[in-house]
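Every read-out reported here was derived from the displayed coordinates using simple, explicitly stated rules and does not represent laboratory data. Predicted model only: the values in this text are computed from it and were never measured. Neighbour counts are summed over all protein chains in view; Cβ atoms, including those assigned to glycine, are modelled from backbone coordinates with ideal geometry.
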Amino acid sequence: MWIDEENSWYITYTAYSSAGAAVGLARTKDLATAERVGLIFSPSNKDSALFPRKIDGRWAALHRPDAGGGIENIWIAWSQDLFYWGEPHCVLEEGHGPAWDAVTVGAGPPPIETDLGWLLLYHGVKLYGGRRTYRVGAALLDRDEPHKVVCRLNECIFKPTEQYEVAGHMANVVFPTGTLVRGDELWMYYGAADTSVCLATARLSDILDLFETAGECE
């Protein structure tokens, strides 16, 4: 993600070692070479996404720590310098009961700022016959206090249907990783079946309209 204030691209990534999965941070000015900054969240943690600007003078990042017992919710942390993080808040819990995201949730692309709030596209997982199915959901976070969920859609907005999504190294996976907004056009890059990198497009206004008729909104 490009950060104007730092005049650099910043990349959050999952770093693996014998100690488990952690969140790493790298930066680059040309996308040709990158400098490893270091770990910003210790194991076991993944699915981190930076907010594209400071909020009330601080940086914010979403991440997904493993709380044990299969609990994996989306949390937020705050930083003055992008390197040292604290003040955690739970943002988005796993769904409950028959929900499409009842097994786990995790952040995807960086949140997108809109007039309604920060648009969060996230992945959710449910078990069918003991096998995981990944889908994409959407929620709105408060613009000034993004640990507060303004609205969360009850249904997913994107799911695996194509052959390259339902068959591969990991079947039935669509995993959002990056977005590009061009006017009202939203491009979403996603992993398919852990085998391919794909692109889906939609009108940003159409997605935001969904919050007018569905979800649990305040």
What net charge is computed for the residues neighbouring residue 20, neighbours being all others with C-beta under 10 Å from the C-beta of residue 20, Lys and Arg scored +1, Asp and Glu -1?
0
If I model a spin label at residue 162 and residue 58 as a point 7 Å from the Cα along the Cα→Cβ vector, what separation in nanometres do I get?
4.1 nm
Rounded to one decimal in nm, the spacing of the 7 Å Cα→Cβ label points at residue 198 and residue 132 is 1.8 nm
How long are the three semi-axes of the equivalent ellipsoid of the chain, in whole Å, if each is the root of 5 times an eigenvalue of the C-alpha gyration tensor, listed from largest down?
25, 21, 19
Find the relative contact order for segment 105-218 and round it to a whole percent, using C-alpha pairs within less than 8 Å whose residues are 6+ positions apart.
21 percent
When the chain is treated as a Gaussian network with springs between alpha carbons less than 10 Å apart, the largest mean-square fluctuation among 69, 38, 183 is found at 69
Out of 105, 174, 37, any idea which swings most in a Gaussian network model of the chain, alpha carbons joined below 10 Å?
37
If R0 is 45 Å, what FRET efficiency do you get for residue 16 and residue 209 from their C-beta distance, rounded to 0.05?
0.70
